[in-house]
Each structure stands twice: as structure tokens, then as C-alpha cells.
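Engineer: Below is the structure I would like to discuss, written out as C-alpha cells.
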Amino acid sequence: MTSIAMAADASVGRRRWPTHIVVFLAPAFLVYTLFSIYPLIDTIRLSLYGADETGQQSFIGIGNFVTLLTDPNWSKPFWNAFRNNLIFFAIHMVVQTSIGLALAALLSLPRLKGAGVYRTLLFMPTMLSVVIIGFIWQLILSPLWGISKGFLAALGLGSLFAPWLGQEGTALITVSLISVWQFVGIPMILIYAALINIPDDLIDAATVDGAPPFYVFWVIRLPLVYPTLGVVSILTFVGNFNAFDLIYAMKGAQAGPNGATDILGTFFYRTFFGYQLQAGNPTMGAAVATMMLFIIMVGVLFYLFGVQRKLQHHLA
Amino acid sequence: MTMRDERPRFSRTGALAATALALVTLMGGIAHAETTLTIESWRNDDADMWNKQILPAFMAKHPDIKVTFKGYPPTEYNAALNTELAGGTAADIITCRPFDASLDLYKKGYLTNLNDVPSMKNFSDVAKAAWQTDDGKDTFCMPMASVIHGFIYNKKIFDELGLTPPKTTKEFHAVLEKIKADGKYTPIALGTADQWEAATMGFQNIGPDYWKGEAGRKALIAGKEKFTDKPYVDVFKELASWGPFMGDGYQAQKYPDTQNLFSLGRAAIYPAGSWDIPLFEQTKDLSFDAFPPPQPDGTDKCYISDHVDIGMGVNAKSKNPDAAKTFIDWVGSAEFAGLYANALPGFFPLTQEAVEIKDPVAQTFVGWRKNCESTIRNSYQILSRGTPNLENELWAVSANVLNGTQTPEAAAEQLQKGLDGWYKPAK
């Protein structure tokens, strides 16, 4: 009886192609193909072309990449942007993730009053436009009109003030920290969600066994949010290597002083669209974009195969 | 059943289609009676002036042509324009940046040749050079205006401290020392955060006196002079000496900060482009005038940067090329020059016809043309074609020199090295 029914089911399954799956997948697949995959592939195609002065394009193979990586006029700004991007990412990883973790831990304290208010306030900057963020922070840090100078002076630390956004040594760190300030809400919310999902009995058991609160945090709660920290890292990595808007809003496309805040996004913008008297070069721009895709892909693959598998193994 | 149902529906659709067709024809008729042109520009600040003063004057003469103005922020214009031209959605009339940016568009076939526009004869070769092919045969934009560099100063502060506008570099420095010693005001309003002011208001402003205007500019293109030569290094040396006189934290001071600093009366001297005049005039209680770049020691002749800055061309894909050319012809007329120069004091007409300028400070600026020789910015023609881009490099090194993070010699060397990498002057 059962075996006959199963056989009948199987034969039906074999006869009828699963149309409903295709129907359900189609909208997402079409939209994704049209707006993500096609532009991506076309960018890679364009990166293999060169253009003469009339704008006529011709296939040149990997010529653009050879120029980008070997001609010092291109490779110097490219590696400078790459290095700055790494620093930008490192600052986010260290500062944003740890502050996000700390805030999430504080928010998940069982007897915290007004947690909802804090959560909303801390998440607020993430929802603001980068243009507003850039404008506000430039005003705060402005040596002419900003409050930071007077604030430091009131604390007796006036001598510490410097035009941080304008100095080669400090501009990138300052911009990175402003970006951290804006986006710290995202790791905070993700980690917070993971923390409150930890079953209470685990913590209760540890407490009954006499574990002090910090020990509970380090040894029980933190390891249980490792997968979330992994997701946060990869989101930060992809976000940072695609970053452009905040730096463009605050430092312009030439990202000074002396290229100190130039990251791959601004370097790509100048190359592709041109800047002032520099003519735009779409094919070289596409090559830069392809390099960015490659860098991001290497990072993501490293995470998927190097980190995530270990994490799953560890938790299993 | 179904047949009977469909028949009336079909005929209804037919009627609808007929009506739509009639409407389209009708609208086509209207469009023919009134052509609409759109101007695209990076001068979004001037939209009001175009809509209220200039375009009504044209439309009064040509009631059949309606013109609208679309402005972009200056820094976004080039990217937006290139994208629109490539996509075929750009406006009929295109505001032309000088030299290569527009030449590039012409070579790609985006701009119409304007050799046969009658009013083109009102312009000198120098004025037209910014929008011609290298051989000077084809002109593709109508010259509109130039901007002049100099120094705007706050008259009240100068009176209060008993100062007179300096004529030589020595006097300039004496004036700066006095303002600094007084301590109430910032001597020079200039910031390096946006970088371009360092090159444009600094290097290109005072430079022509050092490299002797057009002679030096042409020698640079011919390869007879180098950025590492004394005149150019001396310009950087002079710039390097400005640092101590600029506002506190000038490294993070942006262009709008600088404008505010001066219009609030907190700074005495503003290295300027003449386009700043309208802004300062809107400020109540600010009385200001201008002096030309102070003469360096041992020079007697004066040179000013009188830079051809803005022109107008016709999109080759415009649907109304005749109306567009009619408009461009009018842009070359003395009537337009008068309207434009007085609506926007600080943009000076390039036409050879007499144009009266009413604004007193703009008069001061344009008055220098009588005694001094005009030249244009030396990085604009031909030399900014390669990689690294000379103009961008110039921004960066000028800002570095003002910030004190690069020596004048190193700055000059970086420029020349970048240029040598790709530029082989014709022998």
C-alpha cells in the first residue's frame, strides 16, 4: 500500500516538471540578473576594451590591468587607495565591532531601563544620509566654527585640538571614525539579536554554578555569538571596500590632502567619470571596478571557506 | 458569443487609437509652433539670473523659442554631462568647460561645429582658442566669459589698521605682518581642504607675474621652460610663505568656510576669483575692493590671469538644431554680453564689442586689462591631457606647499616628472 503510493508519487514527480518552483524563483532571478549580474558581466567585458580619442572602443585583452598594475602613474594611486581602504576596514573591524559588541552586551542586560530608547538612539545615525553626517561632523570638527575646539579648551585640553580632517596623518582615521559612528548601529543590532536569543537556562546554570558575570560573558555568551560576529565582519568588509559616499561628501573626489583619504571607491570615480580637467576613462574605470570585485571576492571566499566552515565545525 | 463580445471592444480600441493619433499630431503641431530648448550648465548658482534676466530678453525677441535652464553643482557637472551625452539624453545647449574637456566632447561627435555662426566674428583668436581644435580650424563653442584673479580686501579693516593696498610682494608681506601683529583679523582667507583654491586662487593667481604671462605659458607647452625653472619654484616659495598668515586650522577649511570668513569681516584679504564678487555683494555692511597680484621684486610689467572660463555649444543630437544655433548666435551678441556681465559681475565678456560694466569692484578687476597683460591658466591647454593629470597634481602639490608638507622644490619636481612621463613637446 505505502510502497505503491510512494511509487505513484514518484512517477507523478517525474512526469510533472516543478513549474511552481520556477514561477516563484522567476521574479527575484530576473530582477537580480537584470540589475546585478548583467551589469557585473558587462563591466568585466568593458574592462577588456580600450578607447581612442573619438570614443571608439576596441578589444585589448588584459591591457588595462597591465597598465593599472605596472605603470607607476596608475599603480601608485591604485595601491595607495588599496592601502587606505585596508586601514579604513581595519579601523571599522577593531573599533566598530568592539563598540557594537559592548553596546549590545549592555543593552541585553536584564535589568536595564529604557533599553528601547537607547537602541533607537544608537541606531539613528545609520538611517541618516551620509551627506548630513558629513556636514554635521565637518561643522563639529571645523577649526573655525566647530564646537570641538571650545569643548577641548573647556576641559583644559585645548592644545590637543588640530584640524584633523585636513592633515595627512589624521584625515583617514578621522573619516573612518565618523563612518564608525554612523554605522555602529548595525553590528550592535545584529549582535544584540544574537545575545537575546541565547537560552536563559544556559546562563542560569552557569550562575548557579557560581560563575561571575564577566566569566559568563566571555566563556558562554561571546562564543555563542561568534557566527554573528562572522556575518558582521563580512558585511563590514564588503561595505568598506565598496565605500565612496562619505569620503566624496567630506573630502571630494580627489580625497585629499595629498591622496590621504583616497579609497578604491573615489579612485574608481575619478577614473571612470573623470575629474575637472581629467577626462573620464570608462574602460580603465571598468578595470578598476573589476579589481574591486576581485578584491571583495577574495575576501568573501576566504571568509566562506576559511572562517565560516570552522565556525560551523566548532559549534557543531 | 465570444465573437459578438469582441467586436465592439475591437472597434472601441480602434477609436481610441485614432484619437490618440490625432492628439499626437496636434501636439506635434504645437511643438512645431513653439520649440523648446534646454540649457545645461554647472552654474547652478546662476539659475535665477538666467530665468529672470537673460532668457526673457531672448524669448521676447524669439517668441517661437522657449528656453529653460538646468543647473548642476560644479563638481558633478562633467560626470553628469558625459553620462547624458553617452546616453543621448543631454540638453540642446551645453555649457562648455574650456579646452580639453570640451575638445574631447567635440572629437567624440557630441558637439556641433559652430564655424558658420555669424556672431563668432565678435571674438578674438585668444578667446576662441579655448574651444577650437588644436589646428584652430574648427570652433565648437561660443565664448561667453572670462574670470580674472586678484585679491579682494576688506576696506573697513584696511582703514582701521591704516593699510593701503600693496603693490609689490614686499609691501604685501608688510601688510600681512601688520594685520597679524594686530591680532584681531585673519590676514589671508584661504583654506586647503578642497585643494583647488590652493592651485587656482594661489598658484594661478600670483603666477603670471613670475612666468611672464602668455610667454611663459607657451614656453611651457613648447617644452622650452620647465616647472623646475626658477619662476615656478619661486611661485611655490611665495605660496609657502602664506601659511602663517592663514586662518587657524586652514588645512581643514573649505571653500564656503573661506567665503564666510571674509564676508563676516573676520579676514582682511581674500585671494579671489572675480566670480566671488556677486556673493560678497549680497552681504550687507561688507565694503570691499580689489588689488591685482602684487609684483615680485625686480619685475616692472604686470600680468593677470584673465581666464577664458565658460562658453556654450550645441548638442549634436539636439532635436532643434536650428533654434539652438539661433540661440547660440544671440549668445555671441553684444546684447547678451551686456546682460550677462551686469547680471553676474565678475564674469567678464570676451566679445570685442564695447560692453559697459556697472559694478564698481568688477570695474576694478576689468580695469587691470588696461595696464596688465592677460593670460590664461597654464595647466589648461594641452598639458592636462595625460596621466597623471597636471591640473589634479597642481591642486595636490599647491595644497601641500601651503600646508607645509612639501617643499617648493619637491612640488615643482613632482609636476615636471609627471609631465615628462607622457608629454613630448613638438620640436
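The values are calculated or read from the model by the stated rules, or taken from the named source; none is laboratory data. Just so it is clear, the model here is predicted, and its values are computed rather than measured. Here the Cβ positions follow ideal geometry from the backbone for every residue, glycine too, while neighbour counts run over all protein chains shown. Surface accessibility is based on the protein's heavy atoms, side chains included, excluding ligands, DNA and RNA. Shrake-Rupley method; radii C 1.70, N 1.55, O 1.52, S 1.80 Å.
Engineer: Is it true that some residue in the stretch A:211-223 is surrounded by fewer than 19 Cβ atoms within 10 Å (Cβ to Cβ), under 24 Å from the mean Cα position of the chain (by Cα) and more than 14 Å from chain B (Cβ to nearest Cβ)?
Structural biologist: yes
Engineer: Does B:Ala341 count as in contact (Cβ under 8 Å) with a residue 40 or more places away in the chain, under 29 Å from B:Leu37 (Cβ atoms), open to solvent by less than 10 Å² (accessible area, probe 1.4 Å) and not β-branched (Val, Ile, Thr)?
Structural biologist: yes
Engineer: Just to verify a result, which residue in the stretch A:84-137, among those that are among the aromatic types (Phe, Trp, Tyr) and closer than 28 Å to A:Ile247 by Cβ, is most open to solvent (accessible area, probe 1.4 Å)?
Structural biologist: Of all residues in the stretch A:84-137, those among the aromatic types (Phe, Trp, Tyr) come to A:88-89, A:118, A:123, A:135, A:137.
Now narrow it down to the ones that are closer than 28 Å to A:Ile247 by Cβ: A:88-89, A:123, A:135, A:137.
Values: A:Phe88: 6, A:Phe89: 40, A:Phe123: 59, A:Phe135: 132, A:Trp137: 56 Å².
Looking at the filtered set, the residue picked out is A:Phe135.
Engineer: Counting only residues that are buried (at least 19 other Cβ atoms within 10 Å of the Cβ) and either of a type in the set (A, V, I, L, M, F, W, C) or touching a Lys or Arg at 6+ places or on another chain (Cβ under 8 Å) (or both), how many does the stretch B:315-329 have?
Structural biologist: 4
Here's the yes/no breakdown for (1) within 30 Å of A:Gly116 (Cα to Cα); (2) facing chain B (nearest Cβ under 8 Å); (3) surrounded by 16 or more Cβ atoms within 10 Å (Cβ to Cβ):
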residue	(1), (2), (3)
A:Pro143	no, yes, yes
A:Ile147	yes, no, no
A:Gly150	no, no, no
A:Ala153	no, no, no
A:Pro163	no, yes, yes
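Engineer: Give the stretch B:346-398 a look and list any residue that's in a loop (DSSP other than H, G, I, E, B), more than 14 Å from every other protein chain (Cβ to nearest Cβ) and of a type outside the set (A, V, I, L, M), or say none.
Structural biologist: B:Gly346, B:Phe347, B:Gln352, B:Glu353, B:Glu356, B:Lys358, B:Asp359, B:Cys372
Engineer: Moving on. Here's a check for you: in the stretch B:145-198, which residue that is away from chain A (no Cβ under 14 Å), assigned to a loop (DSSP other than H, G, I, E, B) and of a type in the set (A, V, I, L, M) is nearest to the chain's Cα centre (by Cα)?
Structural biologist: Step by step, filter the stretch B:145-198, then rank; the result is B:Leu163.
Engineer: Within the stretch B:258-269, which residues are within 14 Å of chain A (Cβ to nearest Cβ), touching a helix residue (DSSP H, G or I) at 6+ places or on another chain (Cβ under 9 Å) and open to solvent by less than 40 Å² (accessible area, probe 1.4 Å)?
Structural biologist: B:Thr258, B:Gln259, B:Phe262, B:Ser263, B:Gly265, B:Ala267
Engineer: What's the total number of residues in the stretch B:201-232 that are closer than 24 Å to B:Asp306 by Cβ, surrounded by fewer than 23 Cβ atoms within 10 Å (Cβ to Cβ) and β-branched (Val, Ile, Thr)?
Structural biologist: Here the count works out to 1.
Engineer: Now a separate question. Using beta carbons and a limit of 7 Å, which pairs, at least six apart or on different chains, have the first residue in the stretch B:41-56 and without any contact (Cβ under 8 Å) to a residue 60 or more places away in the chain and under 22 Å from B:Ser102 (Cβ atoms) and the second one outside any helix (DSSP H, G or I) and open to solvent by less than 10 Å² (accessible area, probe 1.4 Å)?
Structural biologist: Once the first residue is without any contact (Cβ under 8 Å) to a residue 60 or more places away in the chain and under 22 Å from B:Ser102 (Cβ atoms) and sits in the stretch B:41-56, its partners that are outside any helix (DSSP H, G or I) and open to solvent by less than 10 Å² (accessible area, probe 1.4 Å) give B:Ser41/B:Thr95; B:Trp42/B:Thr95.
Engineer: Return the only residue of B:Ser379, B:Ser333 being open to solvent by 20 Å² or more (accessible area, probe 1.4 Å), at pLDDT below 95 and among the hydroxyl-bearing types (Ser, Thr, Tyr).
Structural biologist: Details: B:Ser379 fails: open to solvent by 20 Å² or more (accessible area, probe 1.4 Å).
Answer to the selection: B:Ser333.
Engineer: Sticking with this structure for a sec: Just wondering, is there one or more residues in the stretch A:119-129 that are charged (D, E, K, R) and touching a Phe, Trp or Tyr at 6+ places or on another chain (Cβ under 8 Å)?
Structural biologist: yes
Engineer: I need a count of the residues in the stretch B:399-427 that are assigned to a helix (DSSP H, G or I), within 11 Å of chain A (Cβ to nearest Cβ) and either touching a Gly at 6+ places or on another chain (Cβ under 7 Å) or surrounded by fewer than 21 Cβ atoms within 10 Å (Cβ to Cβ) (or both).
Structural biologist: Total meeting the criteria: 4.
Engineer: Among the residues of the stretch B:233-254, how many are open to solvent by less than 40 Å² (accessible area, probe 1.4 Å) and within 10 Å of chain A (Cβ to nearest Cβ)?
Structural biologist: The qualifying residues number 7.
Engineer: Which number in (1) open to solvent by less than 50 Å² (accessible area, probe 1.4 Å); (2) within 14 Å of chain B (Cβ to nearest Cβ); (3) not basic (Lys, Arg) marks the one condition that A:Leu264 misses?
Structural biologist: Tallying (1) open to solvent by less than 50 Å² (accessible area, probe 1.4 Å); (2) within 14 Å of chain B (Cβ to nearest Cβ); (3) not basic (Lys, Arg), A:Leu264 fails exactly one: (2).
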